[in-house]
Amino acid sequence: MPKLSPETLARYREMDRPAFQFEDDTVNEFFARSTAAGVRFDNAGFFSQAGFFQAPHKQNLDGVDIAIVGSPLDLGAIGLAGGRHGPEAIRKGSHVMGPFHDHTGDIPFQLCNIIDYGDVQWSATDLQIRLEDIAQVFLKLGQAGCATLNCGGEHTTAYGALKGLSQGHDNEAFGLIHIDAHCDTMASWGGDAVNDGSVFRQAVLQGFIDPERTVQIGIRGRSNFLWDFSKESGMTIITADEVFEKGVPYVLDKAKEIVGQDKTYFSFDVDGLCSSEMMATTGPEPFGLTARQVRDIILGSYDLNIIGADMVEFNPVRDANGSYAHTAAGLYWELLNLLTHVRRRQNGQNNPTLWV
């Protein structure tokens with residue numbers, strides 16, 4: 001066997017740097033800051049920063065770009081209860097996501113000031129009052145100029161987020177990119193004016209979203225007869241079959257044509273995924289999208305004016321070994337990177353996260 005020459009071996013040995021010492025000074029700066037604050041990007045059992053993706057827990061909004069919020073609610077869910085535990089499961093699963101984005105090479109915490117605002121605190125057990133509790137949190141965040149990333153809980157939480165953000169943005173009606181198995185535009189059901197089957201009908205009726213700037217992606221299944229309001233109000237429906245037949249580029253071209261460059265909200269119900277990839281949800285449906293297709297739709301939305309996003313309906317009751325939480329946390333990481341990219345472009349400069 002030939003041997004390496006002394007010169008070649010010496011060259012390789014020069015490349016042998018200590019751990020967390022890299023050629024890129026930006027990366028070195030990030031690890032110096034985060035390590036000093038006690039952040040650990042490994043599989044340690046204890047994390048000193050236990051927020052989503054190890055973001056700092058804060059409610060001081062000075063200089064904050066993106067606020068992540070948990071909405072542990074399932075009172076209006078039509079299906080198996082347990083979605084209220086979704087934020088807790090996704091927080092835990094998120095700790096081993098990042099800090100780099102493998103597609104862009106970005107470190108979100110270097111680009112934007114990101115916080116975990118915490119979970120919405122409930123003032124009553126009534127569903128409609130709890131939706132108002134959510135709205136008040138998102139009103140505060142919207143008025144402070146924060147982009148928001150909601151973690152449900154049931155899809156009804158999106159109604160509270162949209163209400164608060166709309167009020168915080170001078171009662172603006174947003175465009176909507178909505179990935180889901182269901183349109184969620186049925187009439188009121190079970191005595192609740194707003195529930196996870198009627199959330200976007202009610203958001204239209206209250207002026208929070210513009211149906212003609214709404215695209216619903218991945219729609220399929222046994223409830224399709226319920227979505228007349230989507231069609232009649234001018235929403236664009238792209239079925240799961242169309243996504244497979246026409247491809248993600250078609251979906252993105254259509255979505256961008258519909259929402260344009262005005263303010264847009266991105267809502268992702270994990271039952272948009274095929275139940276073979278995501279059974280841990282309140283209303284699983286077969287024959288849905290793949291995780292990679294959803295990821296590619298998120299990546300393709302970087303050039304839009306996204307002011308808020310959510311991931312909802314993750315239900316850990318159906319997740320015996322935590323594998324579905326891992327997938328969901330990965331897609332939640334993609335949504336954070338979406339908001340980070342949009343906000344960094346709008347800021348025109350970096351505004352790094354501060355843990356201390």
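Separation of region 224-266 from region 274-317 is 14 Å, based on Cα centroids.
The DSSP beta bridges internal to the chain are antiparallel in roughly 5% of cases. The Cα atoms of region 135-209 cover 35, 22, 22 Å along the three principal axes, with the biggest extent listed first. About its Cα centre, the dipole of the chain is roughly 600 debye, where the only charges are +1 on Lys and Arg Cβ and -1 on Asp and Glu Cβ. Helices in the chain that qualify as membrane-span-like (whole DSSP H runs, Cα extent of at least 27 Å along the helix axis, mean Kyte-Doolittle hydropathy of -0.5 or higher) are 323-347. Between Val342, Tyr324, Phe314, the Cα set farthest toward the positive side of the dipole of region 298-356 (charges on each charged residue's Cβ, about the Cα centre) is that of Val342. The label-point distance for Asp42 and Glu245, in a model that sets each label 7 Å from Cα toward Cβ, rounds to 5.2 nm. Look at the Cα gyration tensor of region 57-97: its axes a ≥ b ≥ c give a/c of at least 1.5 with a/b at or below b/c, and that counts as oblate. By its C-alpha gyration tensor, with a ≥ b ≥ c as the square roots of the eigenvalues, how is region 175-214 shaped: rounded for a/c under 1.5, else prolate for a/b larger than b/c, else oblate? Note, shape of region 175-214 comes out oblate. Of the cross-linked pairs Lys163/Lys231; Lys92/Lys256; Lys92/Lys246; Lys58/Lys163; Lys163/Lys256, those separated by over 29 Å at the C-alpha level are Lys92/Lys256; Lys92/Lys246. Each Cα pair under 8 Å and six or more residues apart adds its sequence gap; the mean of these over the residue count of the chain is a relative contact order of 20 percent.
With a/c under 1.5 counting as rounded, go ahead and sort region 218-306 into rounded, prolate or oblate using the C-alpha gyration tensor (a ≥ b ≥ c being the square roots of the eigenvalues; past the cut-off, prolate if a/b is larger than b/c, else oblate). Note, shape of region 218-306 comes out oblate.
Semi-axes of the equivalent ellipsoid of region 296-342 are 25, 10, 7 Å, computed as sqrt(5λ) over the eigenvalues of the C-alpha gyration tensor in descending order. The mean of 1/r over all pairs of different alpha-carbon atoms in region 54-183, once inverted, gives a Kirkwood hydrodynamic radius of 15.6 Å. Using alpha carbons only, the radius of gyration of region 150-297 set against its Kirkwood radius gives Rg/Rh = 0.94.
Farthest toward the positive end of the dipole of the chain, out of Gly105, Gln21, Gly51, is the Cα of Gln21, where the dipole comes from beta carbon charges about the Cα centre. Placing a label point 7 Å from the Cα of Ala193 along the Cα-to-Cβ direction, the residues of region 150-172 with a backbone N closer than 15 Å are 159-160, 163-164. Separation of region 135-182 and region 1-74, taken as the distance between their Cα centroids, equals 31 angstrom. Working from label points 7 Å from Cα in the Cα-to-Cβ sense, the Thr104 to Thr8 distance is 4.1 nm. Pairwise Cα distances in region 196-260 exceed 15 Å for 54 percent of all pairs.
Packing around the peptides 322-332, 198-208, 225-235, taken as the average count of other Cβ atoms within 10 Å per residue, puts them in this order, highest first: 198-208, 322-332, 225-235.
In region 204-336, the DSSP beta bridges split such that about 10 percent are antiparallel, to the nearest 5. If each of Asp253 and Phe20 carries a label point 7 Å out from its Cα toward its Cβ, how far apart are those two points in nm? Distance between the two pseudo-spin positions: 4.7 nm. Note that the chain carries a Kirkwood radius of 20.8 Å, evaluated over its alpha carbons pair by pair. Using R₀ = 22 Å, calculate the FRET efficiency as 1/(1 + (r/R₀)^6) where r is the Cβ-Cβ separation of Ala81 and Ile129; round to 0.05. With a Förster radius of 22 Å, E is 0.75.
No lab work stands behind these numbers, since they all come straight from the coordinates. Everything numeric here is computed off the predicted structure, so don't read it as measured data. With ideal geometry, Cβ positions are generated from the backbone for all residues, glycine too; neighbour counts draw on all protein chains shown.
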